[in-house]
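What follows is one structure encoded as structure tokens, with my remarks underneath.
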Amino acid sequence: MSRTKIVAGNWKMHKNLEESLALTTEIRGLVRDEVKAKVEVILCPPAISLASMHRLLEGTSIHTGAQNCHWEDQGAFTGELAPGMVKSTGATHVIIGHSERRQYFGETDDMLANKVKSAIRHGLKVLFCVGESLQQREDKTFYKVIEKQIREGLFGLDRKEFSSVVVAYEPVWAIGTGLTASPEDAQEIHHFIRRLIADFYNPEIAENTSILYGGSVKPDNAKQLFAMGDIDGGLIGGAALKARDFIEICKAAGA
Ligand code: 13P
């Protein structure tokens, strides 16, 4: 299979600068050749740590990414981070559309589409998150919800732009709850997302797009999830804050 296996750690609002560097040093020391050769590892800390972490990771295969960015290049947007600024830290990726941003910061599909376009224009790769709430899972509207998120957030991109997209399926009810989608349920959604991409762009582009699973991935469930045909790695929250757990998950992706 030609798709890249990816494991990204989303540190959310955890770890100050000093703690970020300590965790990075620990992770750097634990990444062995078996992971390096097979898995793209990305660390997404709070933005204040990006530049220093990048320096610490120079010469390694580990990438850094931001958790959010604005769509404008610059301007009077107090507290925001422009995509070019993210890029200037040495970061290669940015997470866009995380459910916590959608839910707590009112980010709409429209805003997210603008963010995605702008980030890609600045040479960043986008980890684009989609996923349904518990209510939507229960009332069985989740296919519709995910399709809308994908269409509105991503399908304004041309084919070349889309090659900078990694999709992350993160069911909201599985985030930080200890509940995980079963490998089969997750696979079903990943397959559905890949089909949407194939229908809109083409089958080859769909085949080459990495689709990650996120939501309570731990060392003891990673292997079963990553064994599914359309699950190409993970976006990891809680377990990414423990170097050994994170590395175990990276190894599972390369197995
Ligand atoms: P948890 O792994 O803590 O459930 O978080 C998942 C997530 O939101 C990653 O972006």
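Within region 29-48, being more than 17 Å from C250 (Cα to Cα) and over 18 Å from the mean Cα position of the chain (by Cα) holds for one residue alone: I48. Specify the residue that is nearest to the ligand (Cβ to nearest atom); the eligible residues are those in region 225-247 that are among the β-branched types (V, I, T) and closer than 24 Å to L154 by Cα. Only one residue tops the list, namely I236. Is one or more of the residues making up region 34-47 of a type in the set (D, E, K, R), surrounded by 16 or more Cβ atoms within 10 Å (Cβ to Cβ) and part of a loop (DSSP other than H, G, I, E, B)? For region 34-47, residues of a type in the set (D, E, K, R), surrounded by 16 or more Cβ atoms within 10 Å (Cβ to Cβ) and part of a loop (DSSP other than H, G, I, E, B): absent. Scanning region 69-112 for residues that are within 22 Å of V167 (Cβ to Cβ), hydrophobic (A, V, I, L, M, F, W, C) and in a helix (DSSP H, G or I) yields a total of 3.
Which one of these is modelled with pLDDT under 95 and among the hydroxyl-bearing types (S, T, Y): T177, T209? Break it down stepwise before answering.
Values: T209 fails: modelled with pLDDT under 95.
Result: T177 is the single residue among T177, T209 that is modelled with pLDDT under 95 and among the hydroxyl-bearing types (S, T, Y).
The single condition among (1) within 16 Å of the ligand (Cβ to nearest atom); (2) free of Cβ contacts under 8 Å to residues at least 60 places away in the same chain; (3) closer than 23 Å to D199 by Cβ that R151 does not meet is (1). Listed by position, the helices (runs of 4 or more DSSP H) enclosed by region 127-195 that each have at least 2 residues that are buried (at least 18 other Cβ atoms within 10 Å of the Cβ) are 134-138, 142-154. Within region 207-224, the set of residues being surrounded by fewer than 19 Cβ atoms within 10 Å (Cβ to Cβ) and away from the ligand (no atom under 16 Å from the Cβ) comprises E207, N208.
The values are calculated or read from the model by the stated rules, or taken from the named source; none is laboratory data. Model, not experiment: these values are computed from the prediction. Cβ atoms come from the backbone with ideal geometry, glycine included; neighbour counts cover every protein chain shown.
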